Amino acid sequence: MAYAAATMTSEPWIVHKFGGSSLADADCFRRVASIVDSRQGVPRAVVVSAVGGVTDRLLRMVDQARTRDNGYKDGLAAIRADHERLADELLANESARQAFQTSFDASCTDMADVLHATALIGSEVPQVRDVVAGAGELWSAQLLAGLLQQDAADDSVDWLDAREVLVIEHSELGPDVLWDESRQRLRRRLGDFHGTVVITGFIARDRDGVQTTLGRNGSDYSASIFAALLDASQVNIWTDVPGVMSADPRLVAESAVIAELTYDEAMELAYFGAKVLHPRTMAPAVDSGIPIYIRDSAAPTTAGTRIGSKASASSVVKGITAIDGMALVNVEGAGMIGVPGTAWRLFGALRDAGISVVLISQGSSEHSICFAVRDEHAGRVSGVLSDAFRPELDTGQLQSIEVTPGCSILAVVGDGMAGIPGVAAKVFGSLGRAGVNVRAIAQGSSERNISAVIDDSDTVRALRAVHAGFYLSPQTLSIGFIGPGSVGSVLLEQMSGEATRLADELNLDLRVRALATSRHMVLDERGIELDGWRDRLGANGTPLDLSRFADHIKTEHLPHSLIIDCSSSDIVAAEYAGWLGRGIHIVTPNKKANSGSFEYYQQLIRERRAGDARFLYETTVGAALPIIQTLRDLRETGDRITRIEGIFSGTLAYLFNLYDGTRPFSALVREARELGYTEPDPRDDLSGMDVARKVVILGREMGLELELDDIQLESLVPEVLRDCSIEQFLDGLADYDHVIAEVYRQAANAGEVLRYIGRLEADGSASVGLTPVSADSAFAHINLTDNIVQFQTARYCDNPLVVQGPGAGPAVTAGGVFADLLRLAGYLGASV
């Protein structure tokens, strides 16, 4: 196919191709010239498109002339002015400027005549569009050649009108090159020239010498053709992107340049939506084994993407792309089973109707055939197939022909997928966790491509989810954060401190996009810098709107949404069911939802399942201690729990660890509040309601239908002090010091100590209150703010299972919430 004798040089040719965006203005031309000049001594073929936008403007002029719209004259005048301005800016050499002007004037005169003739007859001869459309390449090639020539020391620069050498014929599959004739013409035209030749892209001639074009992506095709004809060592496609991306950067901001692709990988990506190269344009280079480089003309020193016969297997999946605007067609009927030729009739009918099929999926039962076509054909498909299978439809052998418009095809591409178990599981697992429904699946025997038909509305979320699932980009969580109080502010600090490590080591992006207090919120599309969240909330906070807050978090362009609730708000907890039903994950230490009415608790379970969302609340009982997880592990492994009892309040543990009767109980409470060991209002701790809520949560984890009212609760807040101010409560509590002192004295006389304990029996009976325990009990020997929980089960009957550790404090609780957050990230696909 290629020839080497044309050059009379040992150095192989290098082909460069520059598209319209790389030739948009004079500065772009100069940048192209500097790129070409950067490799002196190597014979170079520089294939160029028309100046950006010119081809579309030329074709518009043809349409205007055909409809006798004299606007084509103004259009030609504007194009003429633009190119003359370029020539003035670029061609300082008078002879070069004059040479271009002479040729350009003649070309514009010819075009004016052609357009005038078209306007006179009111229709266009088929060749008119090709003649007019190809003029832009002639002009840009002469401009670039003139720019290069005026800086060249000798006759090392020439330009070539591709119509002189390139001969093609059109077939059903597109333009085919007549290689032998084209090769001979090129040999005669170049002779022993081995400098820089600027070649017009897009245009050619047919067997009869009539000007024609190579069609869509024609200049890329020209570059590949001339690379094959010249036996080039490489083809550089210079464009306005840094290379082939792992996903469309407009949809997946975290997409990255793919360093190397095989020809097959590149063709798969191109066919399924990647816009850098069209598969057909690569064919001549592929057949000759010539590597293709996709590079950015605005950043010529970057490596770009290399496409060749081999590529490094740096990852199993190279890229993920999507075609939108598809319709899914499903043909069903028992009459198709075992009948030869059914598929031939079906796809033959579509071929005759000019409808291209993009994807095919058929079950082994042959009961149905499913395929995808372009949306614009959706309205015709049903009629075409109904006509083709009228007898079978009338007799019931075919039951239905269903057309579902508004679909996309997601394609996951990579040679490395072949023979690797679990790749499909990761693809569809990522889609499932992102809440994306898959309508149809196709995978070829090469295992190079896994394709899934999904709804158009899910495309962005699907791309992001699968892209992150294969670590081609960070696993990103869209996070809404509520309650930056004592625990929440520490958690934000922990997240900020670990953000860089999580990104570097785990490819995890915890992106806080919304932050709210009980009254205000800040929403940010890109993410809130956690180092300065206080300033953002203070300066830009708007009134809290939980509905708008959730809508902002549940964005289509990020696959996973999460709300972290570090408040203790009933109002926020009441929103959980709706959020879970929408597929928003929740991580929280807020006990209000799980200890509310049993009816609401059941609704949480239903909505979580319906929305396929995760609800993590380990820190609602015991801060960071694994109490809930231990309970679940016991039940799920078949153990029978008979009793749970423990000290569930770090505050009350602290108070009764210190209380020895020598200091008033009220003084200890005031001191604990000043040290930050109690809630701002100590009654929230002393009432025992917090412990009661934890007992309810554990009871429901055991499968009990337990309500708060079922708990026998002993409050340490005197009745008369329940509704006064905090200071009045602290002052008035001293009047009841003797009550606690008497209980303590009785316990001490019996060799016991006081502890505030919650108990839960297998039959559902539960109590919370101040209880004397033996001095040698595990409950008697704990550190100041420890929680301790004993599980008595069928397995752990003689020696209870004990979980013990710090159960209070902002840092400990925040760490537990952070751990839940990372567990969620692991479930969603992060390598945690």
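Only one of these is modelled with pLDDT of 85 or more and open to solvent by 30 Å² or more (accessible area, probe 1.4 Å): R464, R433, R439. Name it.
Criteria check complete, one pass: R439.
Out of curiosity, is D709 assigned to a helix (DSSP H, G or I), open to solvent by 20 Å² or more (accessible area, probe 1.4 Å) and touching a residue at least 24 places away in the same chain (Cβ under 8 Å)? Spell out how you get there, then give the answer.
Values: assigned to a helix (DSSP H, G or I): yes; open to solvent by 20 Å² or more (accessible area, probe 1.4 Å): yes; touching a residue at least 24 places away in the same chain (Cβ under 8 Å): no.
No, not satisfied.
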- Task: Test each condition in (1) in contact (Cβ under 8 Å) with a residue 40 or more places away in the chain; (2) closer than 24 Å to R163 by Cα; (3) open to solvent by less than 20 Å² (accessible area, probe 1.4 Å) for F104 and report the one that comes out false.
- Result: (1)
- Message: For a quick check of your reading of the model, give me the residue pairs whose first member lies in region 515-539 and is under 21 Å from K554 (Cα atoms) and in contact (Cβ under 8 Å) with a residue 60 or more places away in the chain, whose second is surrounded by fewer than 19 Cβ atoms within 10 Å (Cβ to Cβ) and not basic (K, R), with beta-carbon atoms closer than 9 Å and at least 6 apart or on different chains.
- Response: none
- Query: Of the numbered conditions (1) assigned to a strand (DSSP E or B); (2) under 40 Å from the mean Cα position of the chain (by Cα); (3) not basic (K, R), Q804 satisfies every one except a single condition; which is it?
  - Reply: (2)
- Query: Quick check: anything in region 469-481 modelled with pLDDT of 90 or more and surrounded by fewer than 17 Cβ atoms within 10 Å (Cβ to Cβ)?
  - Reply: no
- Task: Considering only residues that are small (G, A, S) and over 30 Å from G469 (Cβ atoms), look in region 500-546 and name the one that is most open to solvent (accessible area, probe 1.4 Å).
- Result: S518
- Query: Which condition number does A96 fail, the rest of (1) at pLDDT below 90; (2) in contact with a helix residue (DSSP H, G or I) (Cβ under 6 Å, 6 or more places away or on another chain); (3) open to solvent by less than 40 Å² (accessible area, probe 1.4 Å); (4) not in a helix (DSSP H, G or I) being met?
  - Reply: (4)
- Of the residues V691, V696, V669, which is touching a Gly at 6+ places or on another chain (Cβ under 8 Å), open to solvent by less than 30 Å² (accessible area, probe 1.4 Å) and of a type in the set (V, I, T)? V691
- Task: Would you check if L398 is part of a loop (DSSP other than H, G, I, E, B), surrounded by 15 or more Cβ atoms within 10 Å (Cβ to Cβ) and touching a helix residue (DSSP H, G or I) at 6+ places or on another chain (Cβ under 8 Å)?
- Result: yes
- Task: Kindly provide the set of residues from region 712-738 that are open to solvent by 70 Å² or more (accessible area, probe 1.4 Å) and either touching a helix residue (DSSP H, G or I) at 6+ places or on another chain (Cβ under 8 Å) or assigned to a helix (DSSP H, G or I) (or both), ordered by number.
- Result: L713, E719, V720, R722, E727, Q728, D731, D735, Y736, H738
- Query: Any idea which of (1) under 36 Å from the mean Cα position of the chain (by Cα); (2) of a type outside the set (D, E, K, R); (3) open to solvent by 20 Å² or more (accessible area, probe 1.4 Å) is the one V48 doesn't satisfy?
  - Reply: (3)
- Task: Scan region 768-788 and give yes if some residue there is under 50 Å from the mean Cα position of the chain (by Cα), under 20 Å from D681 (Cβ atoms) and assigned to a strand (DSSP E or B), otherwise no.
- Result: yes
- Contact list, first residue from region 663-678 and under 15 Å from L733 (Cα atoms), second anywhere and surrounded by fewer than 17 Cβ atoms within 10 Å (Cβ to Cβ) and small (G, A, S), beta-carbon distance below 7 Å, six or more apart or interchain, is P664/A734; S666/A734
- Residues of region 309-333 classified as in contact with an Asp or Glu (Cβ under 7 Å, 6 or more places away or on another chain), under 30 Å from P405 (Cβ atoms) and open to solvent by 50 Å² or more (accessible area, probe 1.4 Å), total: 1
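The values are calculated or read from the model by the stated rules, or taken from the named source; none is laboratory data. It should be emphasised that the depicted structure is a prediction, and the values quoted were computed from it without experimental measurement. So basically every Cβ, Gly included, is an ideal-geometry build from the backbone, and we count neighbours across all protein chains shown. In case anyone asks, the SASA skips ligands and DNA or RNA and just uses the protein heavy atoms, side chains included. Shrake-Rupley method; radii C 1.70, N 1.55, O 1.52, S 1.80 Å.
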